[in-house]
Structures are given as C-alpha cells and as structure tokens.
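One structure below.
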Amino acid sequence: MVKEISDKIKEAVASVEPVETPYEQRGYHLAIEATRTNIVDIVNFFDKSGFYLADMCCVDYIDYLEVVYLFNNHNQVCRVKVTLKVDPDKPSAPTISHIYKIARWYEREIHEFFGVLFDGHPFMTYLFLHDQIDFYPLRKKQVPVPEEDKKLLNSFNPGEQEDGFFLNLGPQHPSTHGVLRVVVKMNGEYMLSAEPVLGYLHRMHEKMAENRTYQQFYPNAARMDYLGALNFNLGYVTTVEKLCGIEVPERAQYIRTITAELNRISSHLLWLGAFVADLGGLTPFLYTFDDRENILDILEAVAGSRLTYSYLRFGGLFNDVDDDFVANVRKFIDRLRSRFSMYERLITGNVIFINRVKNIGVMDETYPLKYGCSGPVIRSIGIPFDIRKHEPYAVYDRINFNVATGTNGDNMDRYLVRIKEMEISLDIIEKALKDLPTGPVKAEKIPKKLKPPKGDIYHTVESPRGELGIYIVSDESDVPYRMRWRVPSYSNLMTFPQLAEGSLIADAIATLGSYDLVIPEIDR
Amino acid sequence: MCGLDNIIAIVGKEIVRLILGLIGVLIVVVVNALILTWVERKVSGHMQKRIGPKEVGPYGLIQPIADGLKLLGKELLTPANVDKPLYYLAPVIVFIPVLVSFIVIPFDGFLQVKDINVGILVILAFSSLSVLSILIAGWGSNNKYSLIGATRSVAQNIAYEIPLLLSLLPVVFMANSLSLKDIVEAQRDGWFVWRWQFFAFLIYFIAATAETNRTPFDLPEAESELVAGFHTEYSGMRFALFFLAEYTNIFIASAIATTFFLGGYLGPVLPGIVWFFIKTYFLVFVIMWFRWTFPRVRFDQLLNFSWKILIPVAFANLIVTGGILKL
Amino acid sequence: MGKGGFHLETKEPIIKLAIAEKFINLARANSIWPMTFGLACCAIEMMAAAMARFDIARFGAEVFRPSPRQADLMIVNGTVTKKMAPTVVTLYEQMPSPKWVIVMGNCAISGGPFAFEGQYNIIEGIDKLIPVDVYVPGCPPRPEGLLEGLMKLEEKITGTRRFPVPEQKW
Ligand code: SF4
C-alpha cells in the first residue's frame, strides 16, 4: 500500500519526493515536503485516492513555520505526513478548505494561533479565541496581531448582516453539554443554518505543553477528556514511550487495556443517559449513572480518583491491581450484562424513542472523508474503522474482538453502535482478565527527566469518541517543543452544520446529543 | 352564628355558599399544589432509585412549604425590554380558569360549589383561556425561547382541544346532561369507562396530558430545547403561579376523567369524597409516571398524532355512540 | 433627610420581623435550587451529586432550573475562560436575589492547574468577578464535597448547622 501510494503520487504530481519513514518510530509511513505551488495538487491527489485529513497543524521553528497535514486511509492504514514551509514574517498558504471541509476549521485555528493566512478561505474569523488576545499565542516569539488581521478575525456578527430569527444555543444551554455555542438561524421550528462557535473552554493545553516537562504535563491529558480520561492518559503515555523507546512490562499492558475499556464503558454510559435526557426522558440518566458509579468505585480503588485519573506512568502503572480488583470487575461484568435487557426495554423498545431517532441526522459515506470524523460516528455508517484493530496498542492485538458497525449512519445507529461497543468492551475485559499475566508493572530505570531524541511522532489511540492523535515534536530537551492534540469530537462536531441544515430544532438537538461531545476536548 | 344568619338573610344563601366555596377552592388549590409537588418529587425519586426529599421535615413533607416560602421571599425581577402589561398579566390570567373550573367539580354528592347545568362547557371554555396566558407570557417576555415555547403551546392546545371535546361528548350523550353531577349519577350502574367508552377514556387521557403540557407532550417548556420555555423569564412568585397552575391543571384534568369515566365520587364503603380523591390522585400518579418514563415527542409528530389519529378515532367513537343510542 | 441631599440613616425597622425573617431563612436554606450550568470536568461531579447515590434531593436541592431567573444558587464548576466570563457574570446578574454562589473546583477558585506563567485565556478565580459564598476545593471535588459545601451554605444562611461536624480522624 505504502509503495503503491508513493509511486502513484510521483506520477500524479510533478516534483514530489515522498520519503518512506519507519512507521514504528514515527507513526507515519510517508513524509512529503510540499511547496506552495503543488500543495493543492497533492491534497487533491489524496482526496481522489480515498484518504481523509486526519489532522492539520502548524509548528513554529522560528526560522520558518511549518504547516503539517496528516492523511490516513480508512481501509488500510497508510499515514502520510505532508509538510509545507511558510515564511514567518508574512505567513500565508493556499487553502484546501474547498477540498476537505474539515480544513475550514483547522485553517481558522492555525490562523488565530499562528497568524498563517490561508488564501481563498471564505471565513477566516475567530474560532477559539477572542479579541482581547492581541498576539498569536502559539508562536515561539511574541508576535502582535496586525490590525487588518484583527478586523478579519472579528468579522463574525450573526444577526447584523441580514434579517432572520437568530437563536443562540449556548454557551449556557441545557443540551449543549458544557459550553458550546451554536448560532442558528431559524425559520419557525426549522433550522436554516447552524454555526458552532468554540473556545468557551479553551484552556491552553497546547501552550502549557511547551512550558511543562513530559511528566508535568501528564495530568492535563485527563482534564482534556474527563469522561475518557484513561484513554487519553493511555494515548499520551504510549506516544511518549514510543518516542523515547521505553518498553512496558506485559502485566502493565494488560491492566492498561482493562482500565481503559472500563473507562470507555463509563463514558458510553454517561453518554447514553445524556442522550436520552436530550430527548426528554430523564430517568435513564439516573440508571446509567448508577451503573457508572460501580465502575468509578473499581477504578477509584486502584487509581485514587473518581474522574480525572492519572493512573498510568511512563513505562508502567502507578501501582498494581489486587485480587479484589479482579473480583470486582468480574462482578461488574455480570451486573452490566444483566442490565442491558432493562435498557433494551426502557429505551430501545420505546416507540417514542424510535420515532425520534430513526432516520434523523443521516450521514453517508462521504462524511468521514470530507470531515475526518471517527469513532462510533463513522462506524455507524458501516465503516469498520477502529484504531484498536487497525493500529493496535497496549494488548489489543492479542485479544480477539469484533468491531460494532451500523448501516444507516443515523442517530439510531449511533446509539446502537455504542450499546454494542459496551458489550464488546465487556468481552475484551473478560478475555484480558483471563490471561492477565503476573510480573512487574513498572519498567526499570525510567529517568526522572525524560529527554526524547530529536524528531517528531504521530500516534493515535481509540478514545470513546474516536481517533485521538498526538503529534509531538521533540528538540531533545525535557520539554516538548510542540505538542498537538488531534481530538475526535472536533471533527465529529464539524459535521453538525450540514446535518442540522433544514432540520427541526428538536432533531438537531438529538443529533448534537448523538455525537457524544466533550467540549473541553474540542476547545483544548 | 347569628352573624352568618344575618349575612345569609341579607345577601341570600346562594352567594354565601359561593363565597365560602371560593375560599375553599383557593385552599384546595394551594394545598393540592403543595401536595403534588411533594408527590412528584418523591415519585420521581423512587422511580430513579433515589429517595427524594427527606431531610426537610419527616419524609421531606415540609419541603413544599419551604419552597413556597422561599419563592415568596424572592426578588420579583422584571427584565428590561419586556412588554410590561402583558408580562404582569400572564401569571394572573393563568390562574383564573383554574379557579373557575374548580367551582363545578363535584367532590361528593353534596360537595360542589355550584352545579351548573352546562358544567362541562364552563370547564372547557375556561381551560382554553390558559393557552392565552401562555401566549401572553411568551410574547411579553421578549425572549426567543419563550416565544417559540408559546407558539408551540398554541398549536398544541388547539390540536388537542378537539379530541378532548370529542371524547367527552359520547359520555354527555349517554348521561343526557352537561351537568357534572348528573353525569356522575348516571354511572350508578357502571362506570362509563367499562360501558363502551374505553377508547374515549384513552383519547381523553392522552389529550389531557397534552393539554397540561406534561411529558411526553411537554414541548412548550422542553428543557433540553427551549431552556424553560414560556416561563424562562419569570422569577419568584410569578413563576410559582405558573407552577401552581400547572399542578392544578393536572388535578383538574384527572378530576374530569374521574367524573366522566370513573364514576366520580361513587364507590362502596368509603365516603364519596375519599373515593373521588383516590381515583383522581391515581390518575395524577399515572401522568407523573409518564413523565418519568417517556422521552418527548417531536413537534410534527405531536400534531400529526392529534390530527391524523386521535381526532378521527374520537369522531368515529362519537358517531358510533350516537348511532347506538338513537337505535 | 438632611439639607442639601440625601444621607442614609440607620433606623430600627418599624416592624420587627426577626421571627419571620428566621422562618424565611430556614425556608431558603432548605430549598436551594441550583442552576443547570456546567463548565468543565467538575460539572460531571455536580451531576453525580444529583444522581442516585448522592441524591442532593434529600436536602431539597435537586430542582435544577435551566433558567437563571428561577435559580437561587449558581455552582461555578469548572474553568472560567475569558471568553466565557462575560456570560457567567450575566447569568449571575440574571438571578433574582437572594442568590448564592458555590465555587466548585480549583479552576474556578484560583485557576487551578491552568494558572501558569504566560497563560492568556483563563480567569484566575471567579471571585474576581462575582461574590462567592462557599469554596469547594478539589480537582474535581468529590460529590460529598459539594454536599458539604451545600451544608456550609445552609449554615451561612440560617446560622445553624444541619448535621454535626464529623470528628476529625487525623
Ligand atoms: S478543577 Fe480540575 S476537575 Fe475541576 S474543572 Fe478544573 S481541571 Fe477540571
């Protein structure tokens, strides 16, 4: 696959030199250096050959800015990194937002954080920040925002340009699960357009990473996605381990898998309750919380906290689990399995529920390609893309499990896929518990100050919401030079404007609920 | 009690009865709302594996009183830009129909403020007033969520008033009277719900749930969509009046169902008024049960359900009943 | 009223309402309705406090009102960013008095984990913007912590504590 793509792109675009990179160390197979003139052609090529834009970010190397495009394929893993050097004094690059819709947000983000102007982008306004910040936050040197850029950034004033009934859903609204704001234009009960406004919880994680050592930054991962904290921990830890070449003992890997799956279930349970609450049924919320408390008990006993776990360590775990843990997990597996039939009767079989979610918010196969969405959202369309299967980490390669998929890509399928995923997670936990080996849970001789070798790495894990990617650039010091988080909710949410267009407000809110959004993760 | 006798002599027996009745009704309304809030919180608690209010008084029984007192002591905010007359008027208007409806409900054979021979018409006429107050509240609040809530409410109430009426008419046919008391008396040899009017009862109950804006038809105040719907901008006692009206409406809807279909105050052994309250509160409980079990329907589904299913079925039922009675 | 303008006089109230006041305060303390308002991670623990296991309803405080106009208590639970701060202040102002604020979590108390040199986007402590009654520290605080915060608030309103303070074990 890699060879093939490498050959093909040489044919398709003139003057391109793809370099094959060691996937084990770098996390991507091909690296391509693009120039201003051929970047659009390259991106076009990837679009044609069925790749999605996994991430797009920018790194400030002081002498130059580098825009990084990361592509991947849903069918067969083939990660490609395309880089484009940009002049730091007057940074600009051609837009690719007409090819990949998700790039519309990525480019806005890069613009406000680095000042790179994307020529031809239709809508270069603030996405995360606001006008009181008069410098580009992620630049290494303090660069003030020029006047004309400021004007451009502030040009989003809904309700002023045209007549219409504008409604602000959020930032404080019961159904946005946090502080998302969606500006909708309404016609009676119908939504004409919806434009999410992010950044109400922008907590500067990426900036913080450049001020903290690798160990010090670790607790932040849990705060980013507090519902799937252990999965984010796992993602961060495995990325750094891969970068430094740390080996992790077998037992630790198994326990990591078990706890991460438990966390996935607890996240899905919370989503399940919140989703039905969005549809107006409040009671399931309390039932799922009741089940969730059981997981929290188990995890609290080993990790010490209820929500924002920091249980993993570079090279292992904070501490070992005991027999009680194993017994409790077994008990919990039985309990939850017996509860599924209750949920079935209470929710899945309810006529009102079925009518509210069936054939609402339908996504087709073009969505994952254009928006790069991932996780249950695309599995509901029928694409069995799961990082746990495609690029296994921890011990997922040693455990046999299915990937839950749907067919229609509507709200009902997203619901069913998540329910099925919980069952699959239970299976994984059961199998992992069966072959849980004995041994140490911590690698020896991990230095106090991690100083990874020079270079960059992109590593992904499957969080409860989808593909979580971490891109780290190291400059051999104990502080990351640049750390970029590719978060799943971000690209999932991007599909919302298109799905909401022309739908009833109640349906749009059901769709919003079906994404399982965690806002701090989007805003970072 | 010579004072009372004198007064009776001066103004006439009927008027004194009416005034005493009104005072009684006011007390019943408030006490009933207090009880129902407590019941609702307890019911929801137990359905959700919780205990609900517990620490405030024995079994949390003082909880509603604490809530009431607190609401009394809250600041009455008037947001800027509201349409003041309308904004002030709405919570008052919402209360009038509720009070009037109580006048004609027969709690027992002798316990009825006034037996009007067109009793049911009074109730139906006044209960459609409550939608007016919701509309006024939504419009006067100058809030977009309130406005959407109010418009939804109007559409919903219009749609569901028709099946409501159509489902009551067959009973009127059978009892041959519009007076609520006569209707109860006509059920001496069997409740109407078992005498061919089961469908009418179902339709009435569904429509009544919708009329009182309860889940699964709570669209005007759909929390996850419209924040708090038409009363988003109301605070303190004004909000409390909406709350009071809502619970009283539930009670009235159940009371009418009891009167029309479940034999009203009729029942063995226990006194009539006890039977009346048992039946009514059971129906109230069922409505609460709905709320804590079902998700909410969508707006178009709601309207479709009324116009395409409830109304035709109710019509058919009416015609069949009429036909059989004629034969 | 003095010549040439107003000045405030401290007079005894004409009707003494001490007892009524006490009753009302008791009622207020027992019926604290929070606003449905979640900012970040701490909001999940707030939700957990309202759920089956911790059941804040026991103290009559489960009536989460989505509209600030009907709420008595604002639980600021999470990081307040500069973009969000105006909204939080507006929400506070929209609440009718008497109103109270519980601050939950280190973020809202002081910026918590996100207060570092060179930070550009968070408010280091919501008490810089709105008056705060009770602080509940933690990252996130446990639901029991929030319940204790509620007890403290009741104590502040009525002057007496609902339950005896548990004995310190250390
Ligand atoms: S205090 Fe901790 S848990 Fe709470 S919002 Fe802040 S980071 Fe999240």
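The values are calculated or read from the model by the stated rules, or taken from the named source; none is laboratory data. Note that this is a predicted model, so its numbers are computed, not measured. Ideal geometry is used to build each Cβ from the backbone, glycine not excepted, and the neighbour counts take in all protein chains shown. Calculation scope for accessible area: heavy atoms of the full protein, side chains included, ligands and nucleic acids excluded. Shrake-Rupley method; radii C 1.70, N 1.55, O 1.52, S 1.80 Å.
Points to keep in mind about this one:
- Verdict on residue B:323 being away from every other protein chain (no Cβ under 14 Å) and not in a helix (DSSP H, G or I): no
- Look at (1) within 14 Å of another protein chain (Cβ to nearest Cβ); (2) open to solvent by 10 Å² or more (accessible area, probe 1.4 Å) and you find that residue A:498 fails only one, number (1).
- Residue list for segment A:501-522, filter: over 21 Å from the mean Cα position of the chain (by Cα), open to solvent by less than 10 Å² (accessible area, probe 1.4 Å) and among the small types (Gly, Ala, Ser): A:506, A:508
- Test for residue B:156: is it at negative phi, open to solvent by less than 10 Å² (accessible area, probe 1.4 Å) and more than 14 Å from every other protein chain (Cβ to nearest Cβ): no
- Within segment A:158-171, tally of residues that are modelled with pLDDT under 75 and open to solvent by less than 60 Å² (accessible area, probe 1.4 Å): 4
- A residue that is in contact (Cβ under 8 Å) with a residue 24 or more places away in the chain, assigned to a loop (DSSP other than H, G, I, E, B) and either farther than 24 Å from residue A:327 by Cα or not assigned by TED's automatic domain parsing to the domain that holds residue A:438 (or both) can be found somewhere in segment A:247-255.
- Scan of segment C:59-88 for residues that are closer than 19 Å to residue B:76 by Cα and at the interface with chain A (Cβ under 9 Å from one of its Cβ atoms), ordered by number: C:66, C:68
- Residue pairs whose Cβ atoms lie under 6 Å apart, sitting 6 or more positions apart in sequence or on different chains, and linking a residue in segment C:36-49 that is more than 8 Å from the ligand (Cβ to nearest atom) to a partner that is among the polar types (S, T, N, Q) and open to solvent by 10 Å² or more (accessible area, probe 1.4 Å), are C:37/A:172.
- Scan of segment C:45-58 for residues that are open to solvent by 10 Å² or more (accessible area, probe 1.4 Å) and within 7 Å of another protein chain (Cβ to nearest Cβ), ordered by number: C:51, C:52, C:53, C:58
- If you filter segment A:221-254 down to residues that are open to solvent by less than 10 Å² (accessible area, probe 1.4 Å), of a type outside the set (A, V, I, L, M, F, W, C) and in contact with a Pro (Cβ under 8 Å, 6 or more places away or on another chain), you find that the one that is nearest to the ligand (Cβ to nearest atom) is A:225.
- Filter result (closer than 16 Å to residue A:137 by Cβ, assigned to a helix (DSSP H, G or I) and open to solvent by 10 Å² or more (accessible area, probe 1.4 Å)) within segment A:175-219: A:206, A:207
- Residue-level check: of (1) within 14 Å of chain B (Cβ to nearest Cβ); (2) among the polar types (S, T, N, Q); (3) touching a Gly at 6+ places or on another chain (Cβ under 7 Å), residue C:110 misses just (1).
- The residues listed here are A:339, A:345, A:306, A:356; of these, the one that is of a type outside the set (S, T, N, Q), on the phi < 0 side of the Ramachandran plot and either more than 14 Å from chain B (Cβ to nearest Cβ) or assigned to a loop (DSSP other than H, G, I, E, B) (or both) is A:306.
- Single condition residue B:211 does not satisfy, out of (1) of a type outside the set (Gly, Ala, Ser); (2) surrounded by 23 or more Cβ atoms within 10 Å (Cβ to Cβ); (3) more than 22 Å from residue B:289 (Cα to Cα): (3)
- The set of residues in segment B:242-276 that are within 14 Å of the chain's Cα centre (by Cα) and open to solvent by 20 Å² or more (accessible area, probe 1.4 Å) comprises B:243, B:244, B:246, B:249.
- Selection status of residue A:307, in contact with a strand residue (DSSP E or B) (Cβ under 8 Å, 6 or more places away or on another chain) and either touching a residue at least 24 places away in the same chain (Cβ under 8 Å) or of a type outside the set (A, V, I, L, M) (or both): no
For every residue, the table says whether it meets (1) within 12 Å of another protein chain (Cβ to nearest Cβ); (2) touching a strand residue (DSSP E or B) at 6+ places or on another chain (Cβ under 6 Å); (3) at pLDDT 85 or above.
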site: B:221; (1), (2), (3): yes, no, no
site: B:227; (1), (2), (3): yes, no, no
site: B:242; (1), (2), (3): yes, no, no
site: B:274; (1), (2), (3): no, no, no
site: B:295; (1), (2), (3): yes, no, no
site: B:298; (1), (2), (3): yes, no, no
site: B:304; (1), (2), (3): yes, no, yes
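Results for (1) open to solvent by 10 Å² or more (accessible area, probe 1.4 Å); (2) on the phi < 0 side of the Ramachandran plot; (3) among the polar types (S, T, N, Q); (4) in contact (Cβ under 8 Å) with a residue 12 or more places away in the chain, shown as yes or no for each residue.
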position	(1), (2), (3), (4)
B:177	yes, yes, yes, yes
B:187	no, yes, yes, yes
B:196	yes, no, no, yes
B:205	yes, yes, no, yes
B:226	no, yes, no, yes
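- For segment C:138-161, the criterion of being polar (S, T, N, Q), more than 15 Å from the chain's Cα centre (by Cα) and open to solvent by less than 10 Å² (accessible area, probe 1.4 Å) is met by none of the residues.
- Residues considered: C:89, C:80. Of these, the only one that is in contact with a strand residue (DSSP E or B) (Cβ under 7 Å, 6 or more places away or on another chain) and either modelled with pLDDT of 85 or more or open to solvent by 50 Å² or more (accessible area, probe 1.4 Å) (or both) is C:80.
- Only a single item in (1) touching a residue at least 12 places away in the same chain (Cβ under 8 Å); (2) touching a Phe, Trp or Tyr at 6+ places or on another chain (Cβ under 7 Å) is not met by residue A:193, and it is number (2).
- Any helices (runs of 4 or more DSSP H) falling wholly within segment A:1-49 and containing at least 1 residues that are farther than 14 Å from residue A:77 by Cβ, open to solvent by 80 Å² or more (accessible area, probe 1.4 Å) and out of contact with any Lys or Arg (no Cβ under 9 Å at 6 or more places or on another chain): A:2-12, A:39-48
Conditions (1) open to solvent by less than 50 Å² (accessible area, probe 1.4 Å); (2) free of Cβ contacts under 8 Å to residues at least 60 places away in the same chain; (3) in the same structural domain as residue A:287 (by TED's automatic domain parsing); (4) farther than 30 Å from residue A:43 by Cβ, marked per residue:
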residue	(1), (2), (3), (4)
A:326	yes, no, yes, yes
A:331	no, yes, yes, yes
A:338	no, yes, yes, yes
A:346	yes, no, yes, yes
A:357	yes, no, yes, yes
A:361	yes, no, yes, no
A:368	yes, no, yes, no
